[in-house]
Structure formats: structure tokens, C-alpha cells
Amino acid sequence: MTKTYDFGLVGLGVMGRNFILNVADNGFTAFGNDLDDEKVNALISEGGDTNKVNASTDLKTFVDALTTPRKIMLLVPAGKVVDIVIESLLPHLDKGDIIIDGGNSFFTDTDRREAYLKEKGINFFGAGVSGGAKGARLGPSIMPGGSRDAYQHVKPIFEAVSAKYKGEPCVAYLGPKSAGNYVKMVHNGIEYGLMQLTSEIYDLLKKAGGLSNEELHDTFSKWNEGRLQSFLVEITSEIFEQKDGLGDGHLVDKILDKAKQKGTGKWTSQNAMDLGIPVPTIDVAVSMREISALKDERIKADELYGRPNPADVDKADFTNKAEQALYFAFIVTYAQGMHQLADASKEYGYELELGEIAKIWRAGCIIRAALLADITEAYQANESLENLLLSPSFVEKVQVTVAAARELVAYGATNGIPLPGLSNALTYFDAYTSSRLPLNLIQAQRDYFGSHTYERVDKEGIFHTEWEE
Ligand code: 6PG
């Protein structure tokens, strides 16, 4: 096979096949590889002209078909498979070739692989790809990290295939080493938060507001035309419309209330703890998936305790407040995720530009939202913004919506409707905006029982008191 293809892709599952067809649609030639004959044949037949899109199960044929430096993207399950594919590719590669891991790999795995491959003269990229199967086909948001020099070879292809926001590509070089995977991980953490919040608002509107699925569809559709415009609000409105293909009624009501997870939300939370950055809305979104998994226990406990009947509400007013509360909590969730990125950038030397990240999230990815245009502007106005909540442009957005969040959180607490995402967003906001917190007492307690010392508000230095004397 002569070296004629611009781009290689290993892993022809739905994401891989769609991505490679997207590459071909944008004027590049592409070659795929998979162990599975059926997947290889499916791509060849879907690709049409084999001079443009071709594939083989044979790794050597695949590698030999690519122009150098080879640009080989892996869209295979995160974890061991990535290492196995890298090892099998290595004997066939030349110095300067580029491997791009497009999966949701854990960022420390990416650092390890990058260092290992660097010794062999191979460039390694961790490039998060967001947007699901449709995004891969029509334009995802891509978050690459790795060698800046090697990125120049990948850039034209990624810019062509990525989603566009008002003509601007939703991809940018983000930083060295695992910067790309890290950013994608936090993207997913934010995704968990937004999804949890949306489900809480659904619960409120359904149980307290008494909204039918048709009304929920109308409500979310309307919201999607305003400041809440986002991919998640849009698909939520569509979900409420979907009839059950296997029985009567709407599908949403037949879906078991146990949410699965693949780990990226949990990693975001775990790493935020390591960094010492609070992301409680994301933390609780992970916990809620865990609580949801305890279905049998929840059924028993429900019988033991029961719950109050939700108090009557004015439907229109309640729905209006739900929109405000959701907007408020979305802002807080993005703020937490961006805060984590800012800190991780310092800790891991990523040199992230938060404005660039917000920019490439404006289209293509799962958390795309009208809000991201405002977030982009906030970071463009002040790249060293510590927290979105400190941006003057966000103060007003929060001030006009926080009261509704307070009202709904209070309603949920009184009426037994769990709102952990919304209440955490509110509590985070109240704590973050408090110049004085009661943690002076914790310092006193620590010093009392463990001589852990404390600082004072009125004098420099470290103090200890013999409390019991
Ligand atoms: C994306 C998504 C995607 C993720 C799914 C499922 O950006 O396209 O984040 O990468 O895998 O959302 O994640 P969970 O199974 O953990 O919910």
C-alpha cells in the first residue's frame, strides 16, 4: 500500500466510523483499522470511493497507507485497550509520527503514555472528543493536549472536522501533556452537574407543578429559546415528547431511575478534592447517580418514611422560578468547573487559557450552551479571573435569579423533594460570597483538642491556646 492517506483511525465503532467519515467529508483521505471484519467492511461500503476512505483489519497495511508524519487517532475504550493498541502500532511507526487518543482516558494515563512515547520519538496527544455519535459525524468539540509543534500537523484536519461556532472551529491546542484529557474530564464533570440539575427541575415541575410530559416538552422548548439555550435543555424537551415504542404513554416514564456512569464525573470530583478546589454541585451529581443505583433500598426506605404531599403551587409562577433557578445553578456549575481548570492549570503546568476553552465549548460538545458565549467574554475580558462569580458581567445574571433558587430549595426541603444539585449550587454561592464564615469555630475546636494552632483576624502569626486552663 502506498502512503497516500492523510489520517488514520483505529477503532471503527460508531464514534470511530462517524469521525472518519467526517474527516473524508472535509476533503481529507482517511484509512481505518479495526480487528472486526464487519466494521471494516461497513466503513468501506459507507465511505464510497476507496481512494478517499479505506480500511483494513491488518495493522501493517493500515500504517503503511498513511502519509508521514502519520496521524493516527484511537477511538477505543479507555484503559488497557489504549496501551494494547499503542504497543501493537509501535513496531510499524517512524519517529515523528503522531498518535492521538480520542477517548476519555484518565489524565495520568495520558501523562504516562506521552512520556513513554516521547522516548521513542513518537508524539502522543490526549484529545477529548465531545458530542456523541452525531457530533463525531457532523462536528464535535475537540480538546487536544500534547506537543505544540506536533499539533501543527493535526490542526488543519481537526479544524476542518470540528463543530463551528459562528464560523470559528471548536478545537484549539490546549496545552502540554494531558491538558486535553483533563479539560475533557472537567467538561464531563460539568455535564454531570447540568444533567443532575435538569433532572431536579423536572422533578419539581412534575411533582409540585403538576406538569404533564406535553407541558414539560413545551416548557423546556421555550426555555431553549432563551438564556437557557443549550444542547441538554434541547434534548430534554425532545425526551418529553418521545412516546413509548413498547407500550402506552411516554418513554421517559418507563425508564428505570438508576443512572449509570463511566467514571469521568467521579474523576473530576476526586481530583478536585486532591487540588482542594470545591466543586460541590459536581460531587453531588456523582453521589446522586450512586444513590439512584440503590433502588431496592430506596423502595424499602420510602415505605418506612413516606414523604409529605407537595404543597400546591401557582403553576405559571413556579415554572418561571424554575427557569431562573436552573439558570442560576447552571452558572454556578460552570463556575466550579472553570475554577477547577484554573487551579489544575497551575498545579500541572498546563498553561490553560480559560477563554479558549469556553470558546471551543460553544458548539459541538454536550455542555454547549448560550451561556458559554458569555463565559468566553468574561475570560476574554479578564484571563486571570479567579472565579466566574467574580466577573462583573455575571453579578447581575446571578442577582436576578438567586432568589428563585432560594425559594425552590426551600420548597424542596419543606416538601421532601430532593434537590441536592440546586441546594449545593446555592450553598456554594452563599459560602463563596460570605466574607466571614463560621470556620473560625472549627479552628478553635482543632486547637482545643489537637493543638493544631490558629491565625487571628487582628494580629499576624500562629497562635495556640491552652483552652482547658
Ligand atoms: C461527550 C460525553 C461522553 C460521555 C458520556 C457518558 O462529551 O460526548 O461526555 O464523552 O462518555 O456522556 O458518560 P457517563 O456514562 O459517565 O454518563
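Structure values in brief
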item	result
Rounded if a/c under 1.5, otherwise prolate or oblate - the stretch 151-220, Cα gyration tensor axes	oblate
Inter-label distance for Q242 and D37, nm, one decimal - labels placed 7 Å from Cα along Cα-to-Cβ	3.4 nm
Largest-first ordering by accessible area, 1.4 Å probe, given options E468, E323, E238	E468, E238, E323
Rg/Rh for the stretch 7-177, where both radii come from Cα atoms and Rh is the Kirkwood radius	0.93
The stretch 323-469 shape via C-alpha gyration tensor axes, a/c threshold 1.5	oblate
Heavy-atom accessible area per residue - the stretch 184-432, 1.4 Å, Å²	45 Å²
Span-rule helices in the chain, defined as complete DSSP H runs reaching 24 Å or more along the axis (Cα) with Kyte mean at least -1.0	179-207, 315-348
Share, in percent, of DSSP beta bridges within the chain that are antiparallel, nearest 5	30 percent
I44/Q152 FRET efficiency (R0 25 Å; Cβ-Cβ; nearest 0.05)	0.25
Stretch gain in nm, segment S393-A316, where the contour uses 0.36 nm per residue and the Cα spacing is subtracted	24.9 nm
Computed over the chain, the ratio Rg/Rh where both radii use C-alpha atoms and Rh is Kirkwood	1.02
Carbon and sulfur %, accessible surface of the chain computed with the full protein complex present, 1.4 Å	52 percent
Environment charge at S393 (Cβ cut-off 12 Å; Lys +1, Arg +1, Asp -1, Glu -1)	-2
For the chain, size of Cβ-based charge dipole, Lys and Arg +1, Asp and Glu -1, in debye	860 debye
At R0 = 25 Å, FRET efficiency that the Cβ-Cβ distance of A293 and V400 yields, to 0.05	0.10
Local electrostatic count at R298 - Lys and Arg +1, Asp and Glu -1, tallied over other residues with Cβ under 11 Å	-2
Full-stretch length increase - L441, D94 - with 0.36 nm per residue and alpha-carbon distance subtracted	118.7 nm
Inter-label distance for F463 and T433, nm, one decimal - labels placed 7 Å from Cα along Cα-to-Cβ	3.1 nm
Under 14 Å, Cβ to Cβ, from I235 - net charge with Lys/Arg +1 and Asp/Glu -1	-2
Label-point gap, in nm, between E87 and H452 - each point 7 angstrom along Cα→Cβ	4.5 nm
Antiparallel content of DSSP bridges confined to the stretch 7-177, in %, to 5	25 percent
Shape category assigned to the stretch 232-329 from the gyration tensor of Cα positions, a/c cut at 1.5	rounded
Protection proxy ranking of 460-467, 189-196 - average other beta-carbon atoms within 10 Å, highest first	189-196, 460-467
Sites E215 and K300 - FRET efficiency at Förster radius 41 Å, r taken between beta-carbons, to 0.05	0.80
Gain upon complete extension [D253, R112; 0.36 nm per residue less C-alpha separation]	46.3 nm
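The values are calculated or read from the model by the stated rules, or taken from the named source; none is laboratory data. As the structure is a prediction and not an experimental result, all values here were calculated from the model. Note that each Cβ is placed from the backbone with ideal geometry, even for glycine, and that neighbours are counted across all protein chains shown. For accessibility, only protein heavy atoms count, side chains too; no ligands or nucleic acids. Shrake-Rupley method; radii C 1.70, N 1.55, O 1.52, S 1.80 Å.
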